Amino acid sequence: MVNRSAFDRVIQAGGFISVNTGGAPDGNAVPVPKTDSDLAMDAAACIGCGACVAVCKNASAMLFVAAKVSHLNLLPQGKVEKDRRVLNMVRQMDAEGFGNCTVTGSCEAVCPKEISLSFIAKMNRDYGVAILKGK
Ligand code: SF4
């Protein structure tokens, strides 16, 4: 049995969009570039299995968190909370005690959903931008 509650808390920290209008807008009403929608779907394929953490010599959860941050940050519906999302999810990841990423690539190699390491680079960029904005 695997305790995945740390993953659940990371998701709770930012894996959502806030809709304050009483209802979710029609997804088809918002145009999304094909490249963005394809990338978002690639990231959304993460099933939160934890194989990436298990194989990592640092017990880093960066691939999982990057996938969860990216699949919302890439879409117009998620961009509104982009900065807050990446900061909160990374903070929660750190609070859970996961290790730091040293880019060994073992996570990508074992991921059953072929989540790319490039999502970690994207998350780092998003995080840097959010920090620079002083969020
Ligand atoms: S191994 Fe892949 S699918 Fe599993 S949690 Fe990590 S990124 Fe997600």
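Treating only the Cβ of Lys, Arg, Asp and Glu as charged (+1, +1, -1, -1), what charge dipole size does the chain show about its Cα centre? Round to the nearest 20 debye. Rounded to the nearest 20 debye, it is 320 debye.
Isolated cysteines of the chain, defined as having no other cysteine beta carbon under 4.7 Å away, are 46, 49, 56, 101, 111. For the chain, the share of alpha carbon pairs falling in successive 5 Å distance bins from zero is 2, 11, 20, 23, 21, 13, 7, 3, 1, 0 percent.
Sequentially through region 10-19, phi angles give Karplus couplings (6.51, -1.76, 1.60; θ = phi - 60°) of 5, 4, 4, 6, x, x, 7, 10, 8, 10 Hz, Gly and Pro residues having no value and appearing as x.
Note down the nm distance, to one decimal, between modelled labels 7 Å out along Cα→Cβ at residue 16 and at residue 118. Going from the residue 16 label point to the residue 118 one covers 3.1 nm. Counting only aspartates and glutamates at least 8 places from residue 79 when in the same chain, those with an alpha carbon closer than 15 Å to its own are 36, 126.
The length gained by stretching the chain between residue 26 and residue 77 to full extension, at 0.36 nm per residue less their Cα-Cα distance, is 17.3 nm. If a spin label sat at a point 7 angstrom from the Cα of residue 132 along the line to its beta carbon, the backbone N atoms of region 73-107 nearer than 15 Å would be those of 83. 3J(HN,Hα) along region 55-69, derived from phi through the Karplus expression 6.51 cos²θ - 1.76 cosθ + 1.60 where θ = phi - 60°, amounts to 7, 6, 5, 9, 6, 7, 10, 4, 5, 4, 5, 4, 5, 6, 5 Hz, with x in place of Gly and Pro. Taking θ as phi - 60° and the Karplus parameters 6.51, -1.76 and 1.60, the scalar couplings of region 70-79 work out to 5, 5, 8, 5, 7, 9, x, 5, x, 5 Hz in sequence order, x denoting glycine and proline. Quick one: go through region 23-46 and flag any residue whose amide nitrogen is under 18 Å from the point 7 Å out along the Cα-to-Cβ line of residue 125. Residues passing the 18 Å test: 33-44.
Applying both filters, DSSP loop and at most 13 other Cβ atoms within 10 Å, to the GluC sites (Glu not before Pro) of region 40-135 gives 114.
Label sites at residue 96 and residue 84, each approximated as a point 7 angstrom past Cα along Cα to Cβ, lie 2.1 nm apart. A cut-off of 5 Å between modelled amide H atoms, ignoring neighbours fewer than 5 places along the same chain, links residue 99 with 60, 61.
Okay, helix-only estimate at 222 nm for the chain: each DSSP H run of n ≥ 4 adds -39500 (n - 2.57), divide by all residues, round to 500 deg cm²/dmol; what do you get? The per-residue figure over the chain is -16000 deg cm²/dmol. Since only 62, 73, 52 are under comparison, the one whose Cα sits farthest along the positive direction of the charge dipole of region 49-135, derived from C-beta charges on Lys, Arg, Asp and Glu, is 73.
Rule-based calculations on the coordinates, nothing more; no lab input. As the structure is a prediction and not an experimental result, all values here were calculated from the model. Cβ: placed from backbone, ideal geometry, glycine included. Neighbour counts: every protein chain shown.
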